[in-house]
Amino acid sequence: MEKSRRNWGKPPWRGAEALARGLEAAPCDVAIVGGGLTGASTAYHLAKRGIRSTIFEAARIGDGASGRTGGIVLEGTAAGVLAEVDSCIAELAALVAEERIDCDLSLPGCWEIEHRASANDRMLPWNDGGRPVCIARMVTGGTVQPAALVGGIARAAVLRGAVILERRAVKRITVEPQLAIESHGETINPGYIVLALNAWTSALLPDASRVESSLTFACATEPLPPSKLNAIGLDANIPFYTTDRPYLWGRTIADGRVIFGSQLVFGSPAELEGIDVSTGESGAALDALRKRVRRLHLKLREVNFSASWAGPIAFRVNGVPILGRHPSSSRVLVAGAYSGHGVALSVRMGQLLARAVVDGEPLPSWGAFTRHM
């Protein structure tokens, strides 16, 4: 994976600048490639069991999807609640409480909204491209400050003995005659390798070609007063996402800003790394999103935006993520392709990966690497 050329804009989150990163490279039981929520959670749960791991992160902790997501917390997967991932939110809340992570976790639920008029459902006072919008149902969920969450989990892992190496891209993985990863001219031979790359999975595993990678886009308004939040129907601070098209999701932040997200630009990991969101197709996508937000309601017509950015996302057939052992080696474990449901799910995935390493527990059959590949 080459040095990043990305210019994806800046999300409105504070990062993990105070993160203690442990010592420099040392022999490790498990090498984790990818320093997002899945990688940090895996390291944390391994450390709790006394297993030493090293995270190799090509950029900074949480610099990919985990720190650029809108921070909407949902249960299960994009394909629904599946075996072993039916209590992701409870596991997330328990970890946050145990480690006292200051990440603004709030779980009031989440609105599923639809483009239709309804006499029975609550209507939002929006006009989305000439179509009314209703709240079809409330589902389990909420919001979190995602950069603070990933930073907090990573910090807890380091305090228990994990090592985090930032700006340490992994160039190659081999499985024969023994497991090896190459990074910065060094070759490391861990007992296990965990690939927690999500949208970047195919960069190191070309046979994961059925994982589709893209950037998705978001913008944050300027802080809005309570009266304006009330006028646009978002004073309850409940996040939302559409279950139909055109897709739209969003949430409020404690300071009164509102985040809206939509749009996708697909490409290979190398292509996405080279994207500048101020120009071309990506710049047009962000511009279209901002115009769409201003047209939702009269109170938003003149709104200014405090942030506009993009982040990577990965999809798999039917929305079922990868969570399995690589066919070439049972000691290479792969997780990713969360289809936008990765906040609570990623943390649970790390827990399951750690259990598979330490206890030899089988991973759920639905996530097998060869499924739909």
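The values are calculated or read from the model by the stated rules, or taken from the named source; none is laboratory data. Being a predicted model, the structure only gives us computed values, none of them experimental. Virtual Cβ from ideal backbone geometry, glycine too; neighbours counted across all protein chains shown. In case anyone asks, the SASA skips ligands and DNA or RNA and just uses the protein heavy atoms, side chains included. Shrake-Rupley method; radii C 1.70, N 1.55, O 1.52, S 1.80 Å.
Efficiency by 1/(1 + (r/R0)^6): what FRET value for ARG137 and ARG295, r their Cβ-Cβ distance, R0 = 30 Å, to the nearest 0.05? Intermediate values should be presented prior to the final figure.
Values: r = 25 Å, r/R0 = 0.84.
After rounding to 0.05, the efficiency reads 0.75.
Based on Cβ point charges of +1 for Lys and Arg and -1 for Asp and Glu, what charge dipole magnitude is obtained for the chain about its Cα centre, in debye rounded to the nearest 20? Mind showing how you got there, number by number?
Values: 40 positive and 36 negative charges, 111 e Å.
Value, rounded to 20: 540 debye.
Return the inverse of the average 1/r over all pairs of distinct C-alpha atoms in the range 264-373, which is the Kirkwood hydrodynamic radius, in Å to one decimal.
16.9 Å
Taking the highest mean first, how do the peptides 299-305, 230-236 order by number of other beta carbon atoms within 10 angstrom per residue? Write down the numbers at each step before the final one.
Numbers: 299-305: 13.6, 230-236: 16.6.
Most protected by this proxy first, the peptides run 230-236, 299-305.
Please give the contour-minus-distance gain from GLU302 to ALA254: 0.36 nm per residue of separation, less the Cα-Cα distance, rounded to one decimal in nm. It would help to have the intermediate numbers written out before the result.
Values: separation 48, 0.36 × 48 = 17.28 nm, distance 2.13 nm.
Result: 15.1 nm gained on full extension.
With the alpha-carbon atoms as the only input, what is the per residue convex hull volume for the range 182-282 in Å³?
About 198 Å³ per residue, rounded to a whole number.
Could you list which residues have their amide H under 5 Å from that of GLY141, counting only those 5 or more apart in sequence or on another chain, with H placed in the peptide plane?
Under 5 Å from the amide H of GLY141: GLY109, CYS110.
With a 1.4 Å probe and every protein chain left in place, work out the accessible area per residue of the chain in Å², rounded to a whole number.
Numbers: 15240 Å² over 373 residues.
That works out to 41 Å² per residue.
For SER365 paired with GLU176, estimate the spin-label separation in nm (one decimal), with each label point 7 Å from Cα along the Cα-to-Cβ line.
According to this spin-label approximation, the distance is 2.9 nm.
Which number comes out as Rg/Rh for the range 257-320 once both Rg and the Kirkwood Rh are worked out on C-alpha atoms?
Details: Rg = 13.9 Å, Rh = 13.5 Å.
Looking at the range 257-320, the ratio lands at 1.03.
Kindly state, to the nearest 0.05, the FRET efficiency for VAL317 paired with SER227, given R0 = 41 Å and r defined as their beta-carbon distance.
Values: r = 46 Å, r/R0 = 1.11.
Efficiency, rounded to the nearest 0.05: 0.35.
Indicate, rounded to the nearest 5 percent, the antiparallel portion of the DSSP beta bridges found entirely in the chain.
Working: 50 of 69 bridges.
Expressed as a percentage, antiparallel bridges in the chain total about 70.
Can you report the principal axis dimensions of the chain using only the alpha carbons, biggest first, rounded to whole angstrom?
64, 41, 40
Could you please state how large a percent of the accessible area of the chain is carbon and sulfur, counting protein chains only and using a 1.4 Å probe? Present the calculation step by step, with values, prior to reporting the outcome.
Values: 7400 of 15240 Å².
With neighbouring chains kept in place, the figure for the chain is 49 percent.
Just subtract the alpha-carbon distance of ARG100 and ASN120 from 0.36 nm times their residue separation and send over the number in nm, one decimal. Please report the intermediate quantities before stating the final value.
Details: separation 20, 0.36 × 20 = 7.20 nm, distance 4.11 nm.
Taking ARG100 through ASN120 to full extension adds about 3.1 nm, to one decimal.
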